[in-house]
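The values are calculated or read from the model by the stated rules, or taken from the named source; none is laboratory data. If you're wondering where the values come from, they're calculated on a predicted model, not measured in any experiment. Cβ sites come from the backbone with ideal geometry, for glycine too, and all protein chains shown count toward neighbours.
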Amino acid sequence: MNDLLKTKLKLIPHKPGCYLWKDEFDQIIYIGKAKDLYNRTHSYFNGPKDNKTSKLVSNIKDLEYIVVNNVNEALILENNLIKTHRPKYNILLKDGSNYPYIMITNEQYPRLKYVRTYDKNKGIYFGPLADSTNKYQLFNLLNSIFPFNKCNHQPHQKCIYYDLHRCINQVQPQTYEKAIAEVKEIFKGNLDHILAILENKEQHAVAKLDFENAQKYAEQQKALTYIINSGLVQLDNNESFDVVGFYEKNNYLVIIIFNYVKGKLLNKSADTFAIYDHEINELITSFLMQYYSQNRISTKIIVSLDDDNLLALSQRFKTKFINAQTKFHKQILKLAFDNAILYFDSNIKSVINKQNELDEALNQLKQILKLPDLSMIECFDNSNINLSLPIAGMIVYQNGKLNNKLNRKYNLMTTKNASDYHFMIEVITRRYQRLVSQHQKLPNLIVVDGGKLQVNAALYALEQLQISIPLIGLKKDQKHKTNAIVLANGDEIILDRKSVLYKFLANMQNDVHNYAISFLRNKHTKSIFNSLLNDVQGLGKKRLNELLNYYDSINDLKSASDQELLQFLPKNVLVNLREKLNKI
């Protein structure tokens, strides 16, 4: 376990929420939920583990977490996050594993239904409901209180509910309309009227010495109160919006944005900034101007700002920036602010130290290379298997930080005179020929993974394009560790392994190497999978790619259980696959 992960684990709160494990490439590999985030995350590193858990734990390098109000929210959020990110190790929750809703159909004689699919054209939906003990009890409770149609019989036909005086044919339309209005109020959290009805029934039963029904009504009151008031289950109007929370302390500002889509919390983004101005309204407005110029914008953004800035943002983006107005929105906004405080407390020390080291490393590199600006660095590495399946990877550092969105992969096409030298010429040519033709900004520095050979190849490609970009190589020693900077003139500068510059460049070299080798490994595995499994009946390209995304090798596929594989394949295709694997 690395130091960063140890620090984060120590500072996780004892609160409900979701945790997201990440690997060395900052990819989310597993998402889980917890009643107590601290206890659950620590349990992964304590006590005995089976082979699969050990494999997961060995790949954990970082984590993110989202604090919510209760386990109900955590359960729903976990499902939403898994569907959004599709982490490698979350295999059990398949598409279609939605949480249930209570629905009033829009039929002529409406029914109250318990469903797991959402189609707004079929009726009014309430939920989703995640509490495993009370959700169906709530459905039965509502069905017993309100006179909705409870069967598929036509109104002129008698059924058991007719004799129980719960058939819609015995109820006036006005009564049905009142029932719908009452159910809507319940899911808004307005329970006074329905609880009064139940309490009256309970007292009436006690007066008649009907203690069995009295107990039933008491339990129904308790269940109804619990499931409705246990937290923010889900917006009942299916709306989409963003919520912005922030926290400022000691010249640092944390800004958190919650993204709600159709009533579901699907994402959380968090940023920490060193600030030199304490006009928080202006700082937040400036951040939102930049953020929404680059990211998807919702139809409504809830943020605590003054009226002038709210109006300015609304006009700029032609959408609604508003203060929290409803009780629900105020609860959500408070949750965002609480998360900002927790994020600050758990990350601020590492943020400050990391930023100081980064600034010093960039300053040292600027001095060595005599460059005034290193805000954009592009780094390249090539990889191949005995000159076959050649690929290249490019990673981008902006202001000293890796920006994964700008990373690029290249399938190299050089076949004549194939060599590391020619592969480097190809990728440099393709990259900067495109930037020049599209009039895009060139980087401040190019870094290639390699020594004089790779540096000379990159310089040759730039000369052919008639462009000039500062360029260096990163050379490794016999132990395959970063050792020296190779300048364009061939000179080498040995790096001090205790320096922050060494750490910065070594991390960069490792990042680009891992990015390229991962791409090569996937390409090689895909090639093997295709060659060995392309004749399996029913195993099309889509299903093959799903297997590739989860299993690293044919051996992993062979050792997978039928239960695992049935998450990806129908039973008949699994039989065909097993027959093929047994022959390999």
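Points worth noting:
- Listed by position, the helices (runs of 4 or more DSSP H) inside the stretch 265-372 whose residues that are of a type in the set (Ser, Thr, Tyr) and over 24 Å from the mean Cα position of the chain (by Cα) number at least 1 are 280-294, 307-317.
- Evaluated against (1) outside any loop (DSSP other than H, G, I, E, B); (2) in contact with a helix residue (DSSP H, G or I) (Cβ under 8 Å, 6 or more places away or on another chain), Asp556 falls short on exactly one condition, (2).
- Within the stretch 347-366, the presence of at least one residue that is outside the structural domain of Ile485 (by TED's automatic domain parsing), within 20 Å of Ser468 (Cβ to Cβ) and touching a residue at least 40 places away in the same chain (Cβ under 8 Å) is confirmed.
- Criterion applied to Asn555, Asn572, Asn582 was being surrounded by fewer than 15 Cβ atoms within 10 Å (Cβ to Cβ), more than 30 Å from Gln355 (Cα to Cα), touching a residue at least 12 places away in the same chain (Cβ under 8 Å) and more than 28 Å from the chain's Cα centre (by Cα), and the one residue passing it is Asn572.
- Condition met for Ser527 (of a type in the set (Ser, Thr, Tyr) and either in a loop (DSSP other than H, G, I, E, B) or assigned by TED's automatic domain parsing to the domain that holds Tyr551 (or both)): no
Residue-wise test of (1) of a type in the set (Gly, Ala, Ser); (2) on the phi < 0 side of the Ramachandran plot.
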position: Leu362; (1), (2): no, yes
position: Lys370; (1), (2): no, no
position: Leu374; (1), (2): no, yes
position: Phe380; (1), (2): no, yes
position: Ser383; (1), (2): yes, yes
position: Ala392; (1), (2): yes, yes
position: Ile395; (1), (2): no, yes
position: Asn404; (1), (2): no, yes
position: Asn417; (1), (2): no, no
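- Those residues of the stretch 305-324 which are under 23 Å from Asn251 (Cα atoms) and surrounded by 17 or more Cβ atoms within 10 Å (Cβ to Cβ), in sequence order: Leu305, Asn309
The rows are residues; the columns are (1) closer than 16 Å to Met394 by Cβ; (2) small (Gly, Ala, Ser); (3) buried (at least 17 other Cβ atoms within 10 Å of the Cβ); (4) in the same structural domain as Asn407 (by TED's automatic domain parsing).
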position	(1), (2), (3), (4)
Lys441	yes, no, no, yes
Ile446	yes, no, yes, yes
Leu453	no, no, no, yes
Ala458	yes, yes, yes, yes
Gln464	no, no, no, yes
Asn483	no, no, yes, yes
Asp496	no, no, no, yes
Ala506	no, yes, yes, yes
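- Residue identified as surrounded by 13 or more Cβ atoms within 10 Å (Cβ to Cβ) and not β-branched (Val, Ile, Thr) among Lys327, Lys349, Lys370, Lys366: Lys366
- Where Tyr502 falls short, out of the listed (1) touching a residue at least 40 places away in the same chain (Cβ under 8 Å); (2) more than 23 Å from Met424 (Cα to Cα); (3) in the same structural domain as Leu459 (by TED's automatic domain parsing): (1)
- Scanning the stretch 247-264 for residues that are among the hydrophobic types (A, V, I, L, M, F, W, C) and either within 20 Å of the chain's Cα centre (by Cα) or modelled with pLDDT under 80 (or both) turns up Val254, Ile255, Ile256, Ile257, Phe258, Val261.
- Top-ranked residue of the stretch 525-546 - restricted to ones that are touching a residue at least 40 places away in the same chain (Cβ under 8 Å) and surrounded by fewer than 15 Cβ atoms within 10 Å (Cβ to Cβ), ranked as farthest from Lys481 (Cα to Cα): Asp535
- In the stretch 1-100, counting only helices (runs of 4 or more DSSP H) that sit wholly within it, the ones holding 1 or more residues that are farther than 27 Å from Gly263 by Cβ, modelled with pLDDT of 70 or more and not β-branched (Val, Ile, Thr) span 3-11, 37-43, 51-58.
- Tally, over the stretch 495-521, of residues that are among the hydrophobic types (A, V, I, L, M, F, W, C), in contact with a Ser or Thr (Cβ under 9 Å, 6 or more places away or on another chain) and assigned to a helix (DSSP H, G or I): 7
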